[in-house]
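Data first, discussion second: the structure below is written as structure tokens.
The values are calculated or read from the model by the stated rules, or taken from the named source; none is laboratory data. Remember, it's a predicted structure, so these values are computed and weren't measured experimentally. Quick reminder, even Gly has a Cβ in these numbers, built from the backbone with ideal geometry, and neighbours come from all protein chains shown. Accessible surface is based on the protein model in full, side chains and every heavy atom, while ligands, DNA and RNA are left aside. Shrake-Rupley method; radii C 1.70, N 1.55, O 1.52, S 1.80 Å.
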Amino acid sequence: YVAAVYEHESILSPTPAALVERRSALELMGRNLDIYEQQVLAAARQGAQIIVFPEDGIHGFNFTRSSIYPYLDFVPHSHSGKWNPCREPYLYNDTEVIQRLSCMALKNKIFLVANLGTKQPCEHSDPRCPSDGRYQFNTNVAFAADGALLATYRKHNLYFEYAFDTPPEPDYAFFDTPFAGKFGMFTCFDILFFEPAVNLIRQYSLKQIVYPTAWMNQLPLLSAVEFQQAFATAFNVNILAANIHHPTLGMTGSGIYTPVKSFIYHNMESYGGKLIVAEIPVNTADYKTNLEKTPSRESEKGKEQSPPSFYAEMMYDNFTFVPLWGEKGELQVCANTLCCYLNYQRAVLTEELYALGVFDGLHTVHGTYYVQACALVKCGGLSFSTCGQEVTDATALIDFQLWGNMSTPYIFPLLLTSGVTLDFADHMGWKNNYYFLSKNRTSAGLLTAALYGRWYEKD
């Protein structure tokens, strides 16, 4: 099927904390919706059957609970396809944004997914009802090609979004299409957690995911395109990921991903939005995890001195590292119950320092979640203290086999190359309680090769 995602440079309110009238809120959102309208038309002309827009693309961000209120639409939750806002605009008040999105879908005969802020009045008899008498949700909406509202999803894992409430129960949101079956839906930070993302995919055996996001890139392990691809690979799904475009805030990175191929956009240099249209296979069942024999750990024959281990902070976590010295070698580094192993060979010895790092523990900055990671990274400079820094360029071509005795089945294989581009492993998968990833000769200099494990039960 043909899919489209739009990386949108949203027009933002210069004063998001100021209280404004609904009229001026609609005026600002209308300017973003005008751009959406052009992009839906452009995507439809290229044959797209579905288009996905980013999180916060219509209203922006940095609101307070009260200042976002005029930007919120009313959306009845879980009415599944019974309401067509474009054709029945009179059914509910405060639905101007929903109506415009519905009409875009109808006019262009395209399935459309967008993100907006919504409100839902609640009774004070409801113990969870906020004191102002309403819930405010960060919401995705999906429309059919006839404009019908098919599904809504209220974001569960909020990322410091004080304007919004967490829904009482996780939403498991999906909708059906004639061209690719069921699509599941979740938002941004949700991708790192079991609920609802993993549970949704497993419960409903989903193969297609739509994913609006407003993601701030964090190298070396959590760049948007890097993690989106790893998620598609780990769960054997296709992902249509639309990010916001604000390079000054570190926000870029969208794509259309299959487990073995991707069409991505990552651009920290220029401004303006970007439409990606690509044709991808509906069925991901044919992507077999490629297994080969486990790398052999050579007998400990009179090894040369193994390099020293050292500590350095990476992504706010205290990793234990060992440096890669020389043009080839075998390394091991452990922390808690996790041991990581690497066999490597470099084509040419470059003036670059690489290190193999391990972390097995609770990550606690910008969210709390348990990580088990084995990571081969390029360091920022030549001293150990630079390992774990954000690096975007590299020249070293390295053949490697990386493996670890991970305690969780949820492993995201990361493979990032110079210029924040993606590469794909030759082989990866489980073999005797070890997960491994191997690659002969990356397509460009290696930035990161990692096994990023999420141990959800220990969150």
List the pair-distance distribution P(r) of the chain, using every Cα-Cα distance, as the percent of pairs falling in each 10 Å bin from 0 up to the bin containing the longest distance, rounded to whole percents.
4, 21, 30, 23, 14, 6, 2, 0, 0
The chain, helix-only ellipticity at 222 nm - DSSP H runs n ≥ 4, -39,500 (n - 2.57), divided by all residues, nearest 500
-4000 deg cm²/dmol
Placing unit charges on C-beta atoms (Lys and Arg positive, Asp and Glu negative, everything else neutral), compute the dipole magnitude of region 2-279 about its Cα centre in debye, rounded to 20.
500 debye
Given Cβ charges of +1 for Lys and Arg and -1 for Asp and Glu, the option among 75, 62, 86 whose Cα lies farthest towards the positive end of the dipole of region 21-107 is 86
In the neighbourhood of residue 454 defined by beta carbon distances under 13 Å, the net charge of the other residues (Lys, Arg +1; Asp, Glu -1) is -4
Can you give the convex hull volume of the alpha carbon atoms of region 93-204 per residue, in Å³?
117 Å³
How much area per residue is accessible in region 310-458 when the probe is 1.4 Å and only protein heavy atoms are counted (Å²)?
38 Å²
Virtual spin-label span in nm between residue 441 and residue 459, 7 Å along Cα→Cβ:
4.2 nm
Are there chymotrypsin sites (Phe, Trp or Tyr not before Pro) in region 39-120 that DSSP puts in a loop and that have at most 11 other Cβ atoms within 10 Å, and which ones?
90
For labels at residue 382 and residue 430 in the simple 7 Å Cα→Cβ model, what's the distance in nm?
4.4 nm
Given an 8 Å cut-off on Cα distances and at least 6 residues of separation, report the relative contact order of region 1-154 as a percent.
25 percent
How large a share of the accessible area of the chain, in percent, is made up of carbon and sulfur atoms when the probe is 1.4 Å and the other protein chains stay in place?
51 percent
When the charge dipole of the chain is computed with +1 at the Cβ of Lys and Arg and -1 at the Cβ of Asp and Glu, the Cα pointing farthest to the positive end, of 117, 434, 236, is that of 236
With residue 361 itself left out, Lys, Arg at +1 and Asp, Glu at -1 over residues whose Cβ is under 11 Å from its Cβ give -1
Taking only C-alpha pairs under 8 Å that are 6+ residues apart, what is the relative contact order of region 2-279 in percent?
21 percent
Loop-located chymotrypsin sites (Phe, Trp or Tyr not before Pro) in region 153-184, at most 15 other Cβ atoms within 10 Å (DSSP):
160, 162, 179
Counting other Cβ atoms within 10 Å, keep those with at most 10, restrict to DSSP loop, and tell me which chymotrypsin sites (Phe, Trp or Tyr not before Pro) in region 332-414 are left.
none
Under a Cβ-Cβ cut-off of 12 Å, what is the net charge of the residues other than residue 387 that fall near it, where Lys and Arg count +1 and Asp and Glu count -1?
-2
Please check the chain for the longest run free of GluC sites (Glu not before Pro) that are loop-located per DSSP (anything but H, G, I, E, B) and have at most 16 other Cβ atoms within 10 Å.
124-268
At R0 = 45 Å, how high is the FRET efficiency between residue 392 and residue 195 if r is their beta carbon distance? Nearest 0.05 is fine.
0.85
Across the chain: Cys residues that no other cysteine approaches within a C-beta distance under 4.7 Å:
188
